[in-house]
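Beneath this line is the structure, given in structure tokens, with notes to follow.
The values are calculated or read from the model by the stated rules, or taken from the named source; none is laboratory data. If you're wondering where the values come from, they're calculated on a predicted model, not measured in any experiment. With ideal geometry, Cβ positions are generated from the backbone for all residues, glycine too; neighbour counts draw on all protein chains shown. Surface accessibility is based on the protein's heavy atoms, side chains included, excluding ligands, DNA and RNA. Shrake-Rupley method; radii C 1.70, N 1.55, O 1.52, S 1.80 Å.
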Amino acid sequence: MIFRLRKFTSLLIFFLLAANYITAQTGSLRGFVYEKETGEPVIFTNVVLENTSFGSATDVNGYYVITKIPTGNYTIRVTNLGYDTLRLPVVVQEDQIIDKNLFLSKASYTLEMVDITADKQEMRTETRTSVIKITPKEIGQIPSVGGQADLAQYLQVLPGVIFTGDQGGQLYIRGGSPIQNKVLLDGMVIYNPFHSIGLFSVFDTEILRNVEVHTGGFGAEYGGRISSVMDLSTRDGNKKHLSGRIGASTFGANVMLEGPIKKQEEGEVSSSSFILSFKNSYLEQSSEIFYKDVDSTGLPFNYTDIYGKVSINANNGSKVNLFGFNFDDQVNDYNSLDFAWNATGGGANIIIIPGRSPVLLEGSVAYSNYEMTLSDATSKPRTSRINGFNMDLGFTYFIGKNEIKYGIELLGFKTDYNFTSNNNVTVEQVENTTELGAFVKYKYNSGKLILEPSFRLQWYASLSNVSPEPRFAMKYNASDRFRLKFAGGLYSQNLISARSDRDVVNLFYGFLSGPDNLPKKFDGEEVTHKLQKSEHIILGFEYDIFSNATINLEGYFKNFSQLTNLNRNKIFEENTHPDEPDLLKKDFIIEQGDAEGIDFTFSYEKNRYRLWAVYSFAFVNRYYENLEGDLVQYYPHYDRRHNVNLLGSLILGEKYDWELNLRWNFGTGFPFTKTAGYYEMLQFDEGINSDFLSENGELGVIYGELNKGRLPTYHRLDFSVKKTFLIGARSQLEANFSITNVYNRSNIFYVDRYTNKEVYQLPLMPSFGLNFKF
């Protein structure tokens, strides 16, 4: 471990020296854009020099940089939806970097006069292939279940995203399982971002600044996952005055408080601030009052989420963030299951603006611990724990419209897993793992053509494997309205997940490090590595029908060339039956898979209206080797052929104080394994002395062919209405009412194999909530 840290330190020193030698040769302008009222960075806003082609859009930290500017006098213009346009004079001199922090005031005119966003500009200057950016405002524009706008509910309307159920459901992104989706919160790895009920995430919408969802083809700055990435960043907190939000609904309550520790003075950036969020669910108790008819077993889903952050800002925009969290989830006696998990962690991230170089330095270090337990009346408790650290350091160097980004990442984690299958075979694993990654990414922008080649080198110490991973993205601006785009690359990961076939609700999702005791052959060929790997190819286009309406079409293919899965067929211990086939003795087996499909999106937004339509057509296949050595194809349980989401939002009233939201979702049925029959399963507790004539066995299930059945189609309409009451200059009360499943569609979730009882997803459910902002 000391040797690995020395290597990490050597790489760190190298990158720091490299950044120091890179100096600007022409005049440059850089800084941050802040909201004048709160001091919060304004993200994705346009900063341009009037009457020139020089400009930039702020990033997720509100940072902008414009380089290679000819000397002379200019006027800076900053525009963003909801803010007054800002104009400031600036003098650019040769070989000089000008630091200019900008402050925007909220617009004094109505929304109907505003039609300027940075999004259109970004479409022409960023590749944005399979990348969806989400803001809290957009999350609030969908009908909110339980009166609480939540990221988990918004993700369900994104192209390529499949949600398997309201209670215990999971999100699957373009053929990838949850373990193949990397979730980062302020640079910290989050192992489970969603609660057991499936409708709520661990993240408070009010503290989020931005969410980026990469559904495939992501760049080399991300590693360790083979399907997708969700990158979340939180706000710094109000730097000018104390503010917050208190809310309660029929589902749960939440409190958010933010304010200055050292107040940001007028025109200054130097400050420190905090933000603290608490939210919980009392659905187990409230369901007995409001939702008695929803489920005969009740809704015993409880959770508590706490997140806190302190931000310390220097006057040039450099800053340090300190953060910590505790997320807790508990399910009590749900269909004879008890399930609980807890996640804790903390860390820090930094942004440094060097004095004489157009370089942005970003880094983070964090530690987290996640553990879960599942127990029921018919099997032994299952437990899983993962804890560890992650740290990274990245440098971005700006060269006119082009940029170079490079960095390193180090992860170390320990997994402790204990699982008993339906064959009473126990799988145990305790493993320590270290991963080291280094990447470089270059962005070339000629105006018409944008190229982004990148390369990542990932070293998996515990498996003694090195994975070189080239990646590439591009966009061609054929015209002002029509743009072609492409992305692809190679990906790998070590972390795997496992679950029992009997967990139809799929609550337990254990974490394991990739095992080294794998079958030596697969499909007649030697297995040359122990990693899970995939290859992505994505091709698409964007077309602006008119100024406020855009269609986006993407076709994708993901080849999962090697997957590691828990062996559901194991019946022998390898050390006592070494001559048995691998399929019957190995804890883990190798599989292959692929996912291919088309995602279509139509979006329209202007003034009071927003329309969003998504259609996805997809196939997901998996292949495993049977006892005869032949590959057998099957559909995983989240394979959905057609998925449609229609979303509409309308703002009413002279004061824009009414908001109506609608969402309709349609999906074809999921695969499932039919029950072929039953038998008495004897345990032989006393070994050879057991009397099988008198012993009482358990009910055993004879399964049909794997996932050859299909559930009925799913569709649901949700509706919500909000009314805002202005109480003071900085305070308001919001009342919201929503209905989930308006026409009370009976959407089947699963059929209990032992009772033949049909379990349905949520029926018609009204909810009401109040939120007070100050």
* Structure fact -> Between Asn326 and Asn744, the FRET efficiency computed from the C-beta separation at R0 = 35 Å comes out, to the nearest 0.05, as 0.40
* Asked: Under unit Cβ charges (Lys, Arg +1; Asp, Glu -1), what dipole magnitude, rounded to 20 debye, does the chain have relative to its Cα centre?
  -> 2780
* Please list the non-local residues whose amide H lies under 5 Å from the amide H of Ser270, H modeled 1.01 Å from N, same-chain partners needing a gap of 5 or more. => Asn315
* Longest to shortest principal axis, alpha-carbon extents of region 261-379, angstrom -> 66, 33, 21
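Of all the C-alpha pairs in the chain, what % are more than 33 Å from each other?
Value for the chain (Cα pairs over 33 Å): 54 percent.
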* Asked: For region 633-774, what relative contact order do you get, as a whole percent, if you take Cα pairs closer than 8 Å and at least 6 residues apart?
  -> 21
* Asked: Between Arg209 and residues 5 or more places away or on another chain, which pairs have amide H atoms under 5 Å apart, with H built 1.01 Å from N, and which residues are they?
  -> Ser233, Thr234, Arg235
* Could you give the dipole magnitude of region 571-617 about its Cα centre, charging the beta-carbon of Lys and Arg +1 and that of Asp and Glu -1, in debye to the nearest 20? -> 860
* Along region 228-245, what does the Karplus equation 6.51 cos²θ - 1.76 cosθ + 1.60 (θ = phi - 60°) give for ³J(HN,Hα), rounded to whole Hz, x for Gly and Pro? -> 7, 9, 10, 10, 10, 10, 10, 6, 7, x, 5, 8, 10, 7, 6, 8, x, 8
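What is the dipole size for region 393-478, taken about its Cα centre, with +1 at each Lys and Arg Cβ and -1 at each Asp and Glu Cβ, in debye to the nearest 20?
The dipole magnitude comes to about 740 debye.
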* Structure fact -> Taking every other residue with Cβ under 15 Å from the Cβ of Ser479 and scoring Lys and Arg +1, Asp and Glu -1, one gets +4
* To do: List the residues whose amide H sits under 5 Å from the amide H of Phe672, counting only those 5 or more places along or on another chain, with H placed 1.01 Å from N in the peptide plane.
  => Lys708, Gly709, Arg710, Leu711
* To do: Lys and Arg at +1, Asp and Glu at -1: add these up for the other residues within a Cβ distance under 11 Å of Thr344 and post the number.
  => -2
* Structure fact -> Quick calc: nm separation of the 7 Å Cα→Cβ label points for Phe602 and Asp99 -> 5.0
* Structure fact -> Taking the reciprocal of mean 1/r across every pair of different Cα atoms in region 432-503, the Kirkwood radius in Å is 15.1
* **Rg and Dmax of region 692-755, Cα atoms only, in Å** => 24.7, 81
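Given R₀ = 22 Å, FRET efficiency for Leu660-Ala253 by Cβ-Cβ distance, to 0.05?
0.35
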* When the distances between all Cα atoms of region 158-260 are binned every 10 Å from zero, what whole-number percent does each bin get? -> 13, 39, 31, 16, 1
* At 0.36 nm per residue, minus the direct Cα-Cα distance, what do Asn756 and Glu525 gain on full extension? Give it in nm, one decimal, please. => 78.9 nm
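Which shape class, rounded, prolate or oblate, goes with region 389-444 when its Cα gyration tensor gives a ≥ b ≥ c as root eigenvalues, a/c under 1.5 marks rounded, and past that a/b bigger than b/c marks prolate? Show your work: numbers first, answer last.
Details: a/c = 6.62, a/b = 3.38, b/c = 1.96.
Verdict is prolate for region 389-444.
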* Asked: For the chain, which whole-number percentage of the solvent-accessible area (1.4 Å probe, protein heavy atoms only) is attributable to carbon and sulfur atoms?
  -> 57
* **Selection from Val183, Tyr172, Ile76, by position along the positive dipole direction of the chain (Cβ)** => Ile76
* For the chain, calculated [θ]222 nm from helices alone, where every DSSP H run of n ≥ 4 adds -39500 (n - 2.57) -> -1500 deg cm²/dmol
* **Peptides 199-206, 459-466, 42-49, 638-645 ordered by average Cβ neighbours within 10 Å, highest first** => 199-206, 42-49, 638-645, 459-466
* To do: Would you tell me the accessible area of Phe541, worked out with a 1.4 angstrom probe on the heavy atoms of the protein chains, in Å² to the nearest 10?
  => 60
* Model label zone, Asp480; criterion: amide N under 19 Å from point 7 Å along Cα-to-beta-carbon; scope region 48-66 -> 48-56
* **Residue among Thr85, Tyr406, Tyr307 farthest towards the positive dipole end of the chain, charges placed on Cβ** => Thr85
* Asked: Once Rh is set to the Kirkwood radius over Cα pairs, what Stokes-Einstein translational diffusion coefficient, in µm²/s, holds for region 27-110 at a temperature of 25 °C and a viscosity of 0.890 mPa s?
  -> 191
* Structure fact -> So for R0 = 30 Å, FRET eff. of Ser464-Ala676 from the Cβ-Cβ r, to 0.05, ends up at 0.10
* Asked: Along region 396-405, what does the Karplus equation 6.51 cos²θ - 1.76 cosθ + 1.60 (θ = phi - 60°) give for ³J(HN,Hα), rounded to whole Hz, x for Gly and Pro?
  -> 10, 10, 9, 10, x, 7, 9, 7, 10, 10
* **Semi-axes of the equivalent ellipsoid for region 229-315, Cα gyration tensor, largest first, Å** => 38, 13, 8
* **Karplus 3J(HN,Hα) series, Hz, for region 40-55 with 6.51 cos²θ - 1.76 cosθ + 1.60 (x for Gly, Pro)** => 6, x, 9, 8, 6, 10, 7, 10, 10, 9, 4, 6, 9, 9, 8, x
* Asked: By how many nm would the segment from Ile571 to Thr85 lengthen if fully extended, with 0.36 nm per residue of separation less the alpha-carbon distance?
  -> 168.0 nm
* Structure fact -> With the 8 Å Cα cutoff and a minimum separation of six or more residues, region 235-372 has a relative contact order in percent of 17
* Asked: Given the protein chains as shown and a 1.4 Å probe, how many square angstrom of Trp612 are accessible, to the nearest 10?
  -> 30
* Summing +1 for each Lys or Arg and -1 for each Asp or Glu, what net charge is found among the other residues whose Cβ lies under 10 Å from the Cβ of Val620? -> +2
* Using a 1.4 angstrom probe, figure out how much accessible area the chain has per residue, in square angstrom, rounded to the nearest whole. => 41
* Structure fact -> With Cα coordinates, the longest principal axis of the chain makes an angle with the long axis of helix 2-21, in degrees rounded to 10, of 20
* Structure fact -> Taking only the Cα positions of region 617-774, the convex hull volume per residue in Å³ is 217
* Tell me the Kirkwood hydrodynamic radius of region 120-159 in angstroms, computed as one over the mean inverse distance between distinct C-alpha pairs. => 11.6
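Given a cut-off of under 8 Å on Cα pairs at least six residues apart, what relative contact order in percent is computed for region 404-563?
Relative contact order of region 404-563: 17 percent.
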* To do: Quote to one decimal, in nm, the extra length available between Ser446 and Thr304 on full extension: 0.36 nm per residue of separation minus the C-alpha distance between them.
  => 46.2 nm
* Out of Ser287, Thr668, Leu733, whose Cα points farthest toward the positive end of the dipole of the chain (charges: +1 Lys, Arg; -1 Asp, Glu; placed on Cβ)? -> Leu733
